[in-house]
Amino acid sequence: MSAEDAAETKPTETKATETTVVQNVANALEENAELTQLGKVCDFLTQLEQVKTMVGDGPGNVLEQVECQLEDIQYAITEALNDPSSLSDGSQVAKCGEWYATSVASKLQELSDETKSIMETATIQSKEVAETFSSLDENLEKNKNGIDYTAKRLTSLPEQVRTIANAAQKPSDLRDVDTEAMENACNVEPIDEPLNNLEEMKTVLSPCICNTETLLENLQNYIENANDKVKDAFKIPNPLCLLNSCGSTSPQVMTNLLEKLDSLKAIDFQPLLQKITSISELMSSLDVETVKTPLTSFAEKAKEQVDILTTAVKGAKASFFSNFRKKEESTSSTSEEIKETQTKKKKVRRGIFGRKVKSNTDTNEETTQTTKKKRSFFKRNKRSKNTVTTEEARQGESEVEAETEQLTERVQ
């Protein structure tokens, strides 16, 4: 094989080698991703996104509605206690006088105290839930972004390298590959802090959820018992309990309280219960090790493959710039040859070796001088042309011919 054939074959061999290296790296990354169960990281991120969405929607206004209804009930009871005359209907019960009113007020006071207690708890818990959800949403957003940034950069490496491998057709296709970014993606240390924060958020949320569930359970019990307590408060006590069957009209205070309790009972607590329960379950199931372990293991293996890819890219760059320099030198050499040829043409136009071509006048003068020399030769011998010896004639002709040749050479 000639030197030129070898030069043409060498780039082809380099291309095949570099393309194979990139394909092998892509295959190794895909295989390692499967071995290290990198798919669990994607499942974790999906689950975390669900939690973020649920928390971002907020707890809703259920607790605010509860507060509002409890305030109405408490206000109605207080108004009734401040006006004892409103506690009777003025018929049969009126005969009981202050004795009946005192009995009703005593029982309503117990309900008022219970209502006030659960209302205060609801207010406190509503504020706690709102603040917890707001803080959780903010921290989830911050830490989720930190986890996403590290995890997604690393998990996308196999697909990224596969795309590069499929697109690489020649060494120059690899020279712009950013392997430094890939090396940075293999550093998973930044994920430690957001994962630790996420673990701490689970412990902060648990008491809040527990307190809310307790509040709703107590509220359910309150609603179930409050109706009976109101009705019982307005019953005529012993020994006049027989009057309860006399068909007395219910006091307006009792009717109003029962209506307000029905409004409180109509509030649907299930959405809030389901939401906080779902969030609690999802948060509890977020095992940070399902992210940390696969990412750490895959990062170690990926770093080795990225180093191999980096070497291939450096080789591609070296090959590209080497070929570029050769082409540039070849182009420069050709340019010099063209320039030299043009220079020679200019010299030819100006005369050989840069001399100026003699004009016809210069040539005629030299010819005239030669002719004069011929004549002078014969005069020196003071003989006629016929008396010159053969040897002398030859000598004279030789001198003339020599001078003529010199003149011709100078002209050329």
Q. Which members of segment 133-185 meet the condition of being in contact with a Phe, Trp or Tyr (Cβ under 9 Å, 6 or more places away or on another chain) and either modelled with pLDDT of 90 or more or within 25 Å of GLU34 (Cβ to Cβ) (or both)?
A. ILE147, ALA151, LEU154, THR155, LEU157
Q: Take ASP173 and decide whether it is surrounded by 15 or more Cβ atoms within 10 Å (Cβ to Cβ) and within 30 Å of SER284 (Cβ to Cβ).
A: no
Q) Which of the residues that make up segment 207-230 are closer than 30 Å to LEU258 by Cβ and at pLDDT below 85? A) THR212, GLU213
Q: Filter segment 250-271 for residues that are in a helix (DSSP H, G or I), in contact (Cβ under 8 Å) with a residue 24 or more places away in the chain and either over 10 Å from ILE223 (Cβ atoms) or open to solvent by less than 50 Å² (accessible area, probe 1.4 Å) (or both) and give the result.
A: GLN252, VAL253, MET254, ASN256, LEU257, LEU258, LYS260, LEU261, SER263, LEU264, PRO271
Q) Can VAL66 be described as in a helix (DSSP H, G or I), β-branched (Val, Ile, Thr) and modelled with pLDDT under 85? A) no
Q) Any idea which residue in segment 34-44 is nearest to ILE308 (Cα to Cα), counting only those that are touching a helix residue (DSSP H, G or I) at 6+ places or on another chain (Cβ under 9 Å) and open to solvent by 20 Å² or more (accessible area, probe 1.4 Å)? A) LEU35
Q: State the number of residues belonging to segment 191-211 that are surrounded by 13 or more Cβ atoms within 10 Å (Cβ to Cβ) and within 30 Å of THR310 (Cβ to Cβ).
A: 4
Q. Within segment 191-206, is there a residue that is at pLDDT 85 or above and within 25 Å of ALA26 (Cα to Cα)?
A. yes
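The values are calculated or read from the model by the stated rules, or taken from the named source; none is laboratory data. This is a predicted model, so every value here is computed, not measured. So basically every Cβ, Gly included, is an ideal-geometry build from the backbone, and we count neighbours across all protein chains shown. SASA here: full protein model, heavy atoms, side chains in, ligands and nucleic acids out. Shrake-Rupley method; radii C 1.70, N 1.55, O 1.52, S 1.80 Å.
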